[in-house]
Amino acid sequence: MQWLNHAFEVVVLEWGLQLLQGALVTLQIAAGAFAIGMAIGVLVAMVKLSGPRPLIRLADLYTTLCRAIPELLLILLLYYAGSDLINFVLARFGQEPAEINGFFAAVVVLGIVQGAYAGEIIRGAIQAIPSGHIEAARAFGCRRTLILRRIILPEMLPYAIGGLSNLWLVLIKDSALISIVGYSELLFTTKQAAGSTREYLLFYLSVSALYLLITLLSNLLFSRIDHHIARWMPAH
């Protein structure tokens, strides 16, 4: 009982607000990266399915590299190399070096990494759509953008939702990798709290419980989405 009171005082009363702020930043990073990853994934999937050969090879190279290189190493490469590239371009135009916003960099880097996985998920989901639906739209003279917006994206979603939900959960955990470049999200805040109080086990168990809570709530949300879009699927 005394240990529980101590844990409540240290974790909740002293560091609770900072941990909740870190969790909110983690969710913001994950949401932004998920949106970017989805946009990249749709583009990569469409290129692989119906793009010109040079673009198909470029998309294959992108997905192969992102899936082959460890994500931590890829984040470091994209973060530092991207910063150097931006400052090099600015220097060529006679501008002062820019300080890269940590939040923006985290979102973009994770979005680029997740886009490779999203592209393969979406490509498989599009291939599961009955080809006659797309052919019928083309026969009616629908533009490619209209086919994409009214047929491909809505019909591929039931096939892709399982993979995309897993991708979201992986992204929640991958957001912790951003702490390696010094940005203050949930894990980085936890390290600061543990180092300040010397209560390492207490804080790491607490943050594990917080990640578990985020995962359970995410599972509940995606299960509701899955149940909602399942109404569109034909009954067997």
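Since every read-out is calculated from the coordinates, none of them should be taken as a lab result. Computed from a predicted model, the values in this text were never measured in an experiment. Because the Cβ atoms are built from the backbone with ideal geometry, glycine has one as well, and the counts that use them run over all protein chains shown.
Rounded if a/c is under 1.5, else prolate if a/b is larger than b/c, else oblate: which is the stretch 2-232, with a ≥ b ≥ c the root eigenvalues of its Cα gyration tensor? Verdict is oblate for the stretch 2-232. In degrees, nearest 10, range 0 to 90: what is the angle between the Cα axis of helix 186-197 and the longest Cα principal axis of the chain? So the inclination is approximately 10 degrees. A simple spin-label model places pseudo-atoms 7 Å from Cα toward Cβ; at residue 73 and residue 221 they are separated by 3.3 nm. Each label was represented as a point 7 Å from its Cα along the Cα-to-Cβ direction; for residue 61 and residue 200 these points are 4.4 nm apart. In the distance distribution for the stretch 125-200, Cα-Cα pairs more than 22 Å apart total 53 percent.
The simple spin-label model puts a point 7 Å past each Cα toward its Cβ; for residue 144 and residue 24 those points are separated by 4.3 nm. The Cα center of the stretch 13-70 and the Cα center of the stretch 158-210 differ in position by 17 Å. Using only the alpha-carbon atoms of the stretch 103-151 as identical scatterers, what base-10 log of I(q)/I(0) does the Debye formula give at q = 0.20, 0.27, 0.31 Å⁻¹? Results for the stretch 103-151 at q = 0.20, 0.27, 0.31 Å⁻¹ read -0.74, -0.95, -1.06.
Taking the chain as a Gaussian network, where each spring joins two C-alpha atoms under 10 Å apart, which residue of 68, 59, 194 fluctuates the most? It is 68.
Is the stretch 102-236 rounded, prolate or oblate when judged by the Cα gyration tensor, a ≥ b ≥ c being the square roots of its eigenvalues, rounded requiring a/c under 1.5 and prolate requiring a/b larger than b/c? Prolate, since a/c reaches 1.5 and a/b exceeds b/c. In whole percents, the pair-distance distribution calculated for the stretch 68-129 from its alpha-carbon pairs, binned every 5 Å from zero, is 4, 16, 20, 17, 14, 11, 8, 5, 3, 2, 0. Computed over the chain, relative contact order equals 30 percent, with contacts defined as Cα pairs under 8 Å that lie 6+ residues apart. Most tightly packed first, judged by the mean number of other beta-carbon atoms within 10 Å of their residues, the peptides 36-43, 201-208, 141-148 read 36-43, 201-208, 141-148.
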